[in-house]
Structure formats: structure tokens, C-alpha cells
Ligand code: NAP
């Protein structure tokens with residue numbers, strides 16, 4: 001049990017990587033606080049965890065609402081009396097379009113959802129972890145916007161995730177002395193609703209980009225998040241941790 005009695009916020013917990021992470025963290029002894037917009041999906045993940053004996057609370061909301069991170073930390077403190085970490089995992093790909101054809105609305109939505117929401121999450125979570133003597137925060141970034149991840153049509157997404165990596169480095173250096181570790185997790189292609197789950201052509205294309213010639217399962221990425229949140233990674237902070245089936249070192 002890697003997270004016994006630790007209270008962890010998981011955002012983007014209604015599907016994909018976040019739902020897998022919520023289930024995994026709870027099975028490793030964590031109290032989990034789940035967040036996303038879709039109420040029915042979030043409730044269903046929470047009920048699943050509770051049925052398996054996990055300790056879970058949830059509140060649906062939108063990360064574009066600046067007040068949402070504080071509602072989640074309050075929920076953690078009210079129900080479990082503590083906060084030890086967060087897996088800030090929300091993300092959207094947005095419209096696939098070359099920059100001249102991309103709308104400013106799409107640009108703004110992707111940057112706000114993937115990057116500005118991370119700023120608000122950190123502003124809320126860091127002071128609470130500092131008060132409690134430390135903790136671990138993990139942000140889900142991406143292979144896109146890093147190394148070999150320059151994919152056409154994904155400029156807003158790439159810029160948001162590259163920005164997130166920079167935010168993580170500054171945050172990590174600001175708060176290492178407070179005992180707060182802050183890392184970015186950079187998954188390769190992962191089979192989830194966001195990557196075309198159920199669309200064999202999309203999955204084949206993305207699989208082919210990886211030297212392993214396959215995509216990750218959501219659970220494989222959740223296991224990496226578990227490592228970053230647990231004490232097993234206690235000397236890691238400010239890392240862009242790549243979990244990408246070799247994508248970043250491929251030659252062609
Ligand atoms: P997903 O299943 O679509 O998960 C995205 C999650 O974010 C959902 O739970 C969604 O829930 C939530 N979300 C989106 N916008 C939100 C908002 N405004 N407010 C609150 N919640 C919001 O896709 P995923 O692949 O698991 O994505 C998880 C993370 O991994 C993202 O950051 C993504 O960029 C990153 N990633 C994915 C891949 C991949 O190949 N799948 C690769 C690299 C990185 P609601 O719709 O219910 O709000």
C-alpha cells in the first residue's frame with residue numbers, strides 16, 4: 001500500500017487516466033477527492049471505488065471556474081482532515097487545426113483548461129501542503145510539446161503542455177524547501193476517450209508513432225502518477241517524467 005491514509009485530489013477523474021488513477025490510488029489506501037464536470041460519470045467512478053471499500057468524495061465542477069480548486073481542498077479537509085497531494089490531470093486537446101485556421105476561442109479554451117487551471121490549482125494547493133509540512137503535486141503534461149512531439153494541428157495543446165512543464169519547474173524550485181515535491185508526468189499516446197478510444201484508425205496511427213508500436217493503457221500512466229505521489233519518488237522534484245513507450249528517443 002503506497003498511499004495509506006494519504007488524501008489525494010484527482011482532477012479529470014470522470015474518465016481515462018484520471019478515472020484509472022482514482023481507482024488505483026484508492027486501492028493503495030488513499031482517501032481520494034474526485035473532480036470533473038460530468039456528474040453522472042464522476043458519481044459512477046466514485047460508487048465503483050466505494051463498492052471496492054475505498055474512501056472517496058467527489059464534487060463536479062469546471063476548472064475554468066477559479067473557485068473550484070478551493071472547493072476541492074475544502075472537501076478534502078472537511079471529510080478527511082488533511083491533504084497530502086494532488087494529481088492535477090485535467091486536459092483537453094481542442095480542435096485540430098493549423099494556426100492560421102485556428103480560432104482564438106479554441107486557443108483560449110485550451111490554454112485556460114490545460115495551463116491556467118494548473119496555476120489556480122497550485123495557488124490553492126501549495127499553501128495548504130506547506131501548512132501541513134509538505135506533500136506531492138503531479139500535473140499531467142504530454143509528449144506533445146516536448147521532444148519529438150511536434151504534431152501538426154496541435155499548436156494550442158503543445159503550447160499549453162510546454163507551458164505546464166515550465167510552470168512545474170518554477171513551482172518545484174520555489175517550494176522544494178517547504179517539503180513540497182512538484183513534478184510533471186508526460187504520457188505518450190494512451191487509450192482513452194481523448195485519443196480516439198473506439199476509433200481503430202486513430203489508435204493505429206498513434207500506436208505507430210511509438211517504438212513499442214502500441215499505446216499505453218490508462219492504468220500504466222496511473223501507475224507512474226502513483227510513483228510520483230508516493231514516497232518512492234522522494235528525491236524527485238521539478239521533473240518532466242516521460243512515460244511514452246520510447247517516443248521521445250525514436251530516430252524516425
Ligand atoms: P479524457 O478521458 O478525456 O480525460 C480528460 C478529463 O478532464 C476528463 O475527466 C474530463 O472530465 C476532464 N476535464 C476536461 N475539461 C475540464 C474542465 N473544464 N473542468 C473539469 N474537468 C475537465 O482524456 P485522458 O487521455 O484521460 O486525459 C487526461 C490527461 O492526460 C489530459 O491532461 C491529457 O492532455 C493528458 N494526456 C493524454 C494522452 C492520451 O493519449 N490520451 C497523452 C498525453 C497526455 P469532464 O469532461 O467530465 O469534465
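Would you please list the contacts, defined by Cβ atoms under 9 Å and residues six or more apart or on different chains, that run from a residue in the stretch 17-39 that is closer than 9 Å to residue 54 by Cβ to a residue that is outside any strand (DSSP E or B) and within 8 Å of the ligand (Cβ to nearest atom)?
Correct list of pairs: 22/13; 32/13.
Checking the structure you have, find out if any residue of the stretch 134-153 is surrounded by fewer than 18 Cβ atoms within 10 Å (Cβ to Cβ), under 20 Å from the mean Cα position of the chain (by Cα) and modelled with pLDDT of 95 or more. Step through it out loud before you land on a result.
As a first pass, look at the stretch 134-153 and keep what is surrounded by fewer than 18 Cβ atoms within 10 Å (Cβ to Cβ): 134, 147-148, 150-153.
With under 20 Å from the mean Cα position of the chain (by Cα) added as a condition, the list becomes 134, 147.
Still in the running and modelled with pLDDT of 95 or more: 134.
Yes, because at least one residue in the stretch 134-153 is surrounded by fewer than 18 Cβ atoms within 10 Å (Cβ to Cβ), under 20 Å from the mean Cα position of the chain (by Cα) and modelled with pLDDT of 95 or more.
Would you pick out the residues in the stretch 117-153 that are out of contact with any helix residue (DSSP H, G or I) (no Cβ under 9 Å at 6 or more places or on another chain) and either closer than 28 Å to residue 7 by Cβ or within 11 Å of the ligand (Cβ to nearest atom) (or both)?
If the condition is that a residue be out of contact with any helix residue (DSSP H, G or I) (no Cβ under 9 Å at 6 or more places or on another chain) and either closer than 28 Å to residue 7 by Cβ or within 11 Å of the ligand (Cβ to nearest atom) (or both), then 127, 131, 132 are the ones that fit.
Of the residues that sit in the stretch 32-66 and are more than 13 Å from the ligand (Cβ to nearest atom) and under 17 Å from the mean Cα position of the chain (by Cα), which one is nearest to residue 225 (Cα to Cα)? First the steps, then the outcome.
If we filter the stretch 32-66 for residues that are more than 13 Å from the ligand (Cβ to nearest atom), which is where we start, we get 32-33, 47-57.
Next cut, under 17 Å from the mean Cα position of the chain (by Cα) only: 32-33.
On the way: 32: 14, 33: 15 Å.
Looking at residues that are more than 13 Å from the ligand (Cβ to nearest atom) and under 17 Å from the mean Cα position of the chain (by Cα), I get 32.
Can you pull out every residue in the stretch 168-194 that is part of a helix (DSSP H, G or I) and crowded, with 19+ Cβ neighbours inside 10 Å?
Listed by number, the residues that qualify are 168, 171, 172, 175.
Taking residue 10 and the conditions (1) surrounded by fewer than 23 Cβ atoms within 10 Å (Cβ to Cβ); (2) within 16 Å of the ligand (Cβ to nearest atom); (3) under 19 Å from residue 126 (Cβ atoms), which numbered condition does it fall short on, given that it satisfies the others?
Failed condition: (1).
Taking residue 60 as the residue in question, decide whether it is more than 20 Å from residue 110 (Cβ to Cβ), touching a strand residue (DSSP E or B) at 6+ places or on another chain (Cβ under 7 Å) and modelled with pLDDT of 95 or more.
On the way: more than 20 Å from residue 110 (Cβ to Cβ): yes; touching a strand residue (DSSP E or B) at 6+ places or on another chain (Cβ under 7 Å): yes; modelled with pLDDT of 95 or more: yes.
In short, yes.
Report whether or not residue 193 is modelled with pLDDT under 95, within 14 Å of the ligand (Cβ to nearest atom), touching a helix residue (DSSP H, G or I) at 6+ places or on another chain (Cβ under 7 Å) and farther than 30 Å from residue 131 by Cα.
So residue 193 fits the description; yes.
The values are calculated or read from the model by the stated rules, or taken from the named source; none is laboratory data. Computed from a predicted structure; not experimentally measured. Reconstructed Cβ throughout: ideal geometry from the backbone, glycine too, with neighbour counts over all protein chains shown.
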